[in-house]
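One structure is given below, encoded as structure tokens.
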């Protein structure tokens with residue numbers, strides 16, 4: 001006797017739309033942090049280029065172009081960092097976590113809460129200076145972090161973390177809808 005297996009099709013128009021949930025932006029301080037982090041990197045690159053030019057280590061072209069180019073690239077990438085950081089957002093629904101980021105290439109990750117096995121928060125010295133935290137979610141079967149939300153304020157990251165942990169402890173609980181800002 002064969003098992004009664006059914007796999008009916010789903011009309012694309014009936015699929016739930018993640019776009020319907022308003023996503024909350026990450027902290028506005030994240031944009032300043034991103035620019036500062038990018039600027040520190042490019043200041044170092046400019047200094048190295050200046051040293052290389054001053055000591056005659058650059059064989060091709062005038063030695064003054066290397067630090068000017070590095071400084072210009074730093075300004076360019078600093079502006080891109082600012083714009084990209086301002087577009088990051090996240091949202092919580094009863095059964096999943098949504099994270100959107102990217103400027104030229106928009107990336108939207110939807111993580112089912114039923115797969116979350118572990119949640120952690122972390123922040124480096126510069127992030128702590130801006131009261132920012134990275135929330136990292138690990139899922140079953142993953143070799144590393146499956147979702148990292150950067151730019152959350154410490155208090156907000158703790159709220160989201162506690163919500164996710166409560167869903168891990170009682171996956172059938174939480175019948176009230178969560179809000180985009182993580183205060184379900």
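Worth a mention:
- Prolate/oblate/rounded label for region 4-132 (Cα gyration tensor, a/c 1.5): prolate
- Global geometry of region 89-169, whether rounded, prolate or oblate, following the gyration tensor of its Cα atoms and the 1.5 cut on a/c: oblate
- Pair residue 94, residue 43: separation of 7 Å Cα→Cβ label points (nm): 5.0
Read-outs throughout are calculated quantities, based only on the coordinates presented, and are distinct from any laboratory measurement. Quick caveat: nothing in here was measured; it's all calculated off a predicted structure. Every residue, glycine among them, receives a Cβ derived from its backbone with ideal geometry; neighbour counts consider all protein chains shown.
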